[in-house]
Amino acid sequence: MSHSFTFRVLATDGAARRGEISMPRGTIRTPAFMPVGTAGSVKAMYMEQVRALGSDIILGNTYHLMLRPGAERVARLGGLHEFARWPYPILTDSGGFQVMSLAALRKVREEGVTFRSHVDGVVHEMSPERSIEIQGLLDSDIQMQLDELVGLPAAETEIERAMERSLRWAERCKTAFGDQPGKAMFGIVQGGDNIGMRLRSAEALAAMNLKGYAVGGLAVGEPQEVMLEILEATCPALPDNKPRYLMGVGTPDDILKSVARGIDMFDCVMPTRAGRHGLAFTRRGKINLKNARHAEDPRPLDEESDCPAARDYSRAYLHHLVKSGESLAGMLLTWNNLWYYQNLMADIRNAIQAGRFTDRAGEIQEEWARGDIQAL
């Protein structure tokens with residue numbers, strides 16, 4: 001651990017990087033997957049479980065927490081770490097994505113965004129300065145700039161306007177954040193599916209000398225190959241000595257291919273959301289426990305897993321829980337899924353360190369392709 005925010009690359013294999021972020025509340029091993037704790041909880045999990053699975057950092061959501069219970073209330077109660085009983089690093093997003101996707105009657109201006117809460121209809125204003133203020137009240141360790149997200153497809157003039165505004169907002173966030181020892185503010189590369197605009201955004205953000213950089217506005221419906229093309233162009237334009245975070249991604253396959261292009265950090269609701277809907281991630285690929293073929297299957301999800309949820313419960317029982325709508329179904333499958341994701345990240349880090357990331361990625365993909373064993 002460190003009293004300041006530092007990032008070191010410990011090993012490389014092609015563009016893939018193994019490293020570590022050190023800060024006062026802990027060390028983050030990269031490539032890292034951050035479980036999403038939208039409203040101060042990782043759904044269907046105890047925080048002790050999340051930590052035991054290998055999570056070094058979780059994500060909190062500025063938009064949801066500002067609406068309920070309120071950032072000022074969280075601050076009065078000791079900050080998000082104390083409130084949620086998670087004493088390790090927390091990254092908060094800026095709230096921009098949720099404002100653009102959830103809020104009703106939003107109006108975007110240079111000053112910021114005015115929007116009506118989807119919870120109670122109350123009108124709020126979110127400026128770059130207010131976003132940083134809220135994240136400070138939550139006491140998060142890594143804070144994200146407020147940016148403007150444009151849904152794709154969109155006209156190039158609209159993409160460029162939002163990208164340029166996001167750069168101006170990054171400057172304002174940097175000023176508002178100031179100098180906070182041991183903490184970091186990350187800028188967000190925007191530019192839609194236009195590589196030229198992505199490069200302009202990355203180069204302008206790099207010139208701001210921020211402590212880290214994210215690639216935003218992806219995994220919003222575009223084909224995977226478009227996302228990978230953007231990463232191939234964008235990552236080399238970002239500083240080698242700063243962490244790179246791909247926001248909202250993604251599937252295990254997305255993670256493998258993004259690490260290969262130089263990404264260090266990920267977050268996604270997929271493992272927790274899938275668990276609540278009866279879908280398990282395993283080394284043999286995805287298993288849908290809603291399917292009737294599991295009704296009398298006595299096998300566990302994975303007899304070789306170290307996770308009790310995957311190893312000790314039969315598929316027949318998990319199928320029964322899912323079909324019965326039992327809360328335990330989401331708890332067990334989320335436990336399995338987060339274990340799988342964190343185990344995948346550890347596997348990736350070890351492979352990079354050993355200089356065999358490409359080979360290991362191929363082996364993982366081959367096992368997915370072979371699929372789950374059908375016959376009993």
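Given the options MET247, MET265, MET208, state which has the largest fluctuation in a GNM of the chain using a 10 Å cut-off (strictly under) for Cα springs. With Cα springs under 10 Å in the chain, the top fluctuation among MET247, MET265, MET208 is at MET208.
Cα-Cα over 26 Å: which of LYS174/LYS257; LYS257/LYS323; LYS174/LYS242; LYS107/LYS211? From the list (LYS174/LYS257; LYS257/LYS323; LYS174/LYS242; LYS107/LYS211), the Cα-Cα distance tops 26 Å for LYS174/LYS257; LYS257/LYS323; LYS107/LYS211.
Estimated at 0.36 nm per residue, the fully extended path between ALA39 and ARG370 surpasses their Cα-Cα distance by 115.4 nm. The calculated FRET efficiency for the pair HIS118 and ALA237, based on their C-beta separation and a Förster distance of 30 Å, comes to about 0.25. Treating r as the C-beta distance of ALA207 and ALA52 and R0 as 45 Å, the FRET efficiency rounds to 0.65. Rounded to whole Å, give me the distance from the Cα center of region 1-52 to that of region 246-296. First find each Cα centre; the distance between them is then 18 Å. For region 275-370, a/c is not less than 1.5, where a ≥ b ≥ c are the root eigenvalues of the C-alpha gyration tensor, and a/b tops b/c. That puts it in the prolate class. Classification of the chain by its C-alpha gyration tensor yields a prolate form. The axis ratio a/c (a ≥ b ≥ c) is 1.5 or more, and a/b outweighs b/c. The helix-based estimate of mean residue ellipticity at 222 nm for the chain, built from -39,500 (n - 2.57) per DSSP H run of four or more residues and divided by its residue count, is -12500 deg cm²/dmol to the nearest 500.
All of the numbers you see were taken from the coordinates with simple rules; none came from a lab. Bear in mind the structure is a predicted one, so any value in this text is a computation, not a measurement. Positions of Cβ are generated from backbone atoms using ideal geometry, with glycine treated the same way; all protein chains shown enter the neighbour counts.
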